[in-house]
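Visitor: Can you keep this structure in mind? I'll have questions shortly.
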Amino acid sequence: MHTERLFDRIDSIQIKGVTKKYGSRFAVKELDMEIHGGELLILIGPSGSGKTTILRMINRMIEQDSGSVIINGLDTRKLDPVRLRRNMGYVIQNIGLFPHMTIGENIGLVPKLEGWEKNRVKERVQYLLDFVSLPTDLFFNRYPRQLSGGQQQRVGLARALAMDPPLLLMDEPFGALDPILRKQLQEEFLKIKMEIGRTIVFVTHDIEEAFRLGDRIAIVDQAKIVQVGPPEELIFNPATKMVSEIVDTERKFKHMDTLNVKDLMSPFDSKYVFDSKMDTCDAVNEMTGRDLETAFIFDNGRLLGRITMVDLMKCRTKTQKLADVVRPLKTFQPLDSVAFALSELKKSGEYLALIMNEDRPSGILVSDEVLLKLI
Amino acid sequence: MTIVLQTVIDVWDKNLMTLRTIEHLQMFSIALVLSTVIGVIIGIFIYSRQRTANTVLNILNIVETIPDLALIVILLPILRLGAGPTIAASVLYSILPVARNTYTGLKGVDEQYTYVARAIGLSQVETLWKVKIPMSLPLIAGGIRIALVFCMGVVTLGGLVAAGGLGTVLQNGIQLYEKDAILVAGLWTGLLAVILDSFAGIVEKKLHERYGKW
């Protein structure tokens, strides 16, 4: 089946007077909103506020009771839902890669159904795997269960981009990942966002994520949008008390001076330790097995630095050892102040440091985690 | 030892057992293919019209309770002597396990996968072929394996109604009280069933490895 392309770029998505009720409860009530072409709009709010419902009404996974969603002047209710969905990418928290298909088949599924030639599908999949930093030769024929959580989420993103859609819908895509991994994927996603320049609607409940990724943020509460605007507007001119509570970052820094690094670090685990003499190919598999995106490299108990999965994949030859690709890492003492540690991290552009207690690793400091723990 | 072997060869030749085995396997394969095709179609049908599921499965259950010999005899006036009634009875028996397993397999596909399939733009038919059926294959194969054993049993009974096959050898042996013929044909039929079942078991295991492990 070949479906026609509905739009090459998004000029605007208008949501007009949309209401959705479940029983007597409003999931979304008389919602009016405009999503601009090319922006990344964040929908954030407490669970049950209706943010996911709004997202799913855009691709008609949920049908509104009244009102309309208009993309580039086209009313979505007048379009065939299958055709509509093939014109947008969709990424969800639990990813949902099909377990009986290889990574290549998962990503190439819709292009194949669209009747693309075999070679064209393969080329597209290779391009996308490369785009999300997964080397084709290693991953094309693997099954989803052989991948770590972070790798699966990358494949999920590649699948969403398969048809080169001008609009991406993302439903808490990083929600299920551990904090270190989440931070890293967000960083990568930011780069991807720059490159692809698409319109993205992104649901999250993590305000840090919202501030980091969003061009504009829509605060959703009790089936209504309370305020929409760029991050600074929400911080400086919160419309309601609820908005100021959600975005109030000031409070988080209040006790910073009195706290030590050891109060806020995440515990260290031996699974993060890799030997510098291990070769990089083995390390990729080992990190996948341990579900890691970052590892710390030691040489006879001496810290050399850290490696990330992405680094390993970009410079992979048979004879390379981890010692050759390791990158430097900040370390702190348990009794260093948090404020000092954070400012050092910020200076070096890092988000992660190892806490060493007399040459022995005792914890990991992740800048975002620190903020969250302070709330 | 040589005497035993000689007896087996004599019995085998006298009863035309090579021909009988071919007949046997022919009836068996036709019955198995038919019951698989019909069973899978019924399974998909009752899955897509869930309200009919209970009724259809109950009817198949009732068919299952009719003793196999009685079923063959009932079918005799309609399909005449020969392979017809035997094949039809095998099929009627074997539809249930295939249909039920297909239905259970399709129902058991995790909703997150059907949700994602819909969300990335698969139509209902595409979701069925690309996601639901492949993910149900291990269970469907399990149903076909049960059907295989059923067919083997019923086809052997066919000897009673002149259907040919190894049942005929057994039947003659009983009529003429030839112990050797009964023994050789009985053991050979049993061995065939075991070989075919283990083969099906291997296929089922392969499908589990390919489609069932997540």
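The values are calculated or read from the model by the stated rules, or taken from the named source; none is laboratory data. If you're wondering where the values come from, they're calculated on a predicted model, not measured in any experiment. All Cβ positions, glycine included, derive from the backbone under ideal geometry; neighbour counts span all protein chains shown. These area figures cover heavy atoms from the full protein model, side chains too; ligands, DNA and RNA do not enter into them. Shrake-Rupley method; radii C 1.70, N 1.55, O 1.52, S 1.80 Å.
Visitor: Filter the range A:125-148 down to the residues that are closer than 23 Å to residue A:87 by Cβ and surrounded by 20 or more Cβ atoms within 10 Å (Cβ to Cβ), then identify the one that is modelled with the highest pLDDT.
Guide: Only one residue tops the list, namely A:125.
Visitor: Let me ask something else about it. Identify the residue in the range A:87-136 that is more than 11 Å from chain B (Cβ to nearest Cβ) and of a type in the set (Lys, Arg) and, among all such residues, is nearest to residue A:158 (Cα to Cα).
Guide: Looking at the filtered set, the residue picked out is A:124.
Visitor: Is there any pair with a first residue in the range A:232-248 that is over 16 Å from residue A:208 (Cα atoms) and a second that is assigned to a helix (DSSP H, G or I) whose Cβ atoms are under 8 Å apart and which are 6 or more apart or on different chains, and what are they?
Guide: These pairs meet every condition: A:238/A:244; A:238/A:247.
Visitor: Then there is this: Hey, any hits in the range A:87-110 for a residue that's farther than 30 Å from residue B:210 by Cα and charged (D, E, K, R)?
Guide: Looking through the range A:87-110, none of the residues is farther than 30 Å from residue B:210 by Cα and charged (D, E, K, R).
Visitor: Something else now. Suppose we filter the range A:287-314 for residues that are more than 23 Å from the chain's Cα centre (by Cα) and open to solvent by 50 Å² or more (accessible area, probe 1.4 Å); how many remain?
Guide: Total satisfying the criteria: 4.
Visitor: For the range B:82-124, what are the residues that are within 14 Å of chain A (Cβ to nearest Cβ), among the hydroxyl-bearing types (Ser, Thr, Tyr) and open to solvent by 40 Å² or more (accessible area, probe 1.4 Å)?
Guide: Listed by number, the list holds a single entry, B:115.
Visitor: If you don't mind, there's one more thing I want to ask. Quick check on the range A:154-192: of everything there that is within 22 Å of residue A:5 (Cβ to Cβ) and assigned to a helix (DSSP H, G or I), which residue is farthest from the other protein chains (Cβ to nearest Cβ)?
Guide: A:192
Visitor: Quick check on my filter: what residues within the range A:52-104 are buried (at least 18 other Cβ atoms within 10 Å of the Cβ) and either of a type in the set (Asp, Glu) or outside the structural domain of residue A:130 (by TED's automatic domain parsing) (or both)?
Guide: Scanning the range A:52-104 gives no hits.
Visitor: Looking at this structure, is residue A:187 within 22 Å of residue A:292 (Cα to Cα) and in contact with a strand residue (DSSP E or B) (Cβ under 7 Å, 6 or more places away or on another chain)?
Guide: For residue A:187, the condition - within 22 Å of residue A:292 (Cα to Cα) and in contact with a strand residue (DSSP E or B) (Cβ under 7 Å, 6 or more places away or on another chain) - is not met.
Visitor: Sort through A:200, A:207, A:217 and tell me the only one that's at pLDDT 85 or above, open to solvent by less than 50 Å² (accessible area, probe 1.4 Å) and under 20 Å from residue A:46 (Cβ atoms).
Guide: A:217
Visitor: What is the number of the single condition among (1) open to solvent by less than 80 Å² (accessible area, probe 1.4 Å); (2) more than 14 Å from residue B:167 (Cβ to Cβ) that residue B:27 does not meet?
Guide: Unmet condition: (2).
Visitor: Find the residue count for the range A:33-86, including only residues that are of a type in the set (A, V, I, L, M, F, W, C), in contact (Cβ under 8 Å) with a residue 60 or more places away in the chain and within 14 Å of chain B (Cβ to nearest Cβ).
Guide: Going through the range A:33-86 one residue at a time, the tally reaches 5.
Visitor: Related question: Looking only at the range B:157-214, which residues are touching a Gly at 6+ places or on another chain (Cβ under 9 Å), open to solvent by 40 Å² or more (accessible area, probe 1.4 Å) and part of a loop (DSSP other than H, G, I, E, B)?
Guide: B:162 - this is the single residue of the range B:157-214 that is touching a Gly at 6+ places or on another chain (Cβ under 9 Å), open to solvent by 40 Å² or more (accessible area, probe 1.4 Å) and part of a loop (DSSP other than H, G, I, E, B).
Visitor: Can you pull out the residues in the range B:125-147 that are at the interface with chain A (Cβ under 9 Å from one of its Cβ atoms) and open to solvent by 30 Å² or more (accessible area, probe 1.4 Å)?
Guide: Of everything in the range B:125-147, those that are at the interface with chain A (Cβ under 9 Å from one of its Cβ atoms) and open to solvent by 30 Å² or more (accessible area, probe 1.4 Å) turn out to be B:130, B:137.
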